[in-house]
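Taking it in order: structure first as structure tokens, then the write-up.
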Amino acid sequence: MILDVLSSSARYEGLGPRFARAFQWLRSVDPSTLPDGKTAIDGDDVFVLAQRRMTKKLDLVKWEAHRKFADIQYIVEGQEAMFWEALSRTEPGEYLEEKDFLALETESWVDLEVPAGQFAVFFPEDAHRPGILIPGADPVFKLVVKVRL
């Protein structure tokens, strides 16, 4: 898991050419021009899901992990809480291959508050629970860049 600010993202381009493409795109795009939903960056290997919405109460947000993609979750506006835990410390549930979604349960985690301008990268070994409401926070505009591994 990585937590950093977009202005420092060039240091993570060494993770591979798809990560380089994703971070270069994030630094150059005007987020206000993106429609909600999926936009291709590099075909099915790198794409973004633009999400404008209210965050959710904790009991409405599920734990997840992915096997085929890493997530770069960049907060454009607002802020949200995200929970993280090492996948090895969770109880895996059902894996939906077509959605690359592994359901999980865990009793421990690290609580992160992610404001506008910051991003979190979640790899397959990272269980995460994003989109959690911070009381008093504004709605969130978030870009979730999916990077095929």
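Results, tabulated for the structure shown:
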quantity	calculated
Every residue from segment 100-123 that is within 21 Å of ARG11 (Cβ to Cβ) and either at pLDDT below 95 or surrounded by 15 or more Cβ atoms within 10 Å (Cβ to Cβ) (or both)	LEU112, VAL114, ALA116, GLN118, PHE119, ALA120, VAL121, PHE122, PHE123
Tally of residues being outside any strand (DSSP E or B), within 11 Å of PHE83 (Cβ to Cβ) and of a type in the set (A, V, I, L, M, F, W, C) across segment 104-149	1
Cβ-Cβ under 8 Å pairs, at least 6 apart or on other chains, segment 39-57 side in contact (Cβ under 8 Å) with a residue 60 or more places away in the chain and closer than 28 Å to ILE134 by Cβ, far side aromatic (Phe, Trp, Tyr) and part of a strand (DSSP E or B)	ALA50/PHE141; GLN51/PHE141; ARG52/PHE141
Boolean, ALA127 is surrounded by 19 or more Cβ atoms within 10 Å (Cβ to Cβ) and of a type in the set (A, V, I, L, M)	yes
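The values are calculated or read from the model by the stated rules, or taken from the named source; none is laboratory data. For clarity, every value in this text was computed on a predicted model and none was experimentally measured. Neighbour counts run over all protein chains shown; Cβ positions are idealised from the backbone, glycine included.
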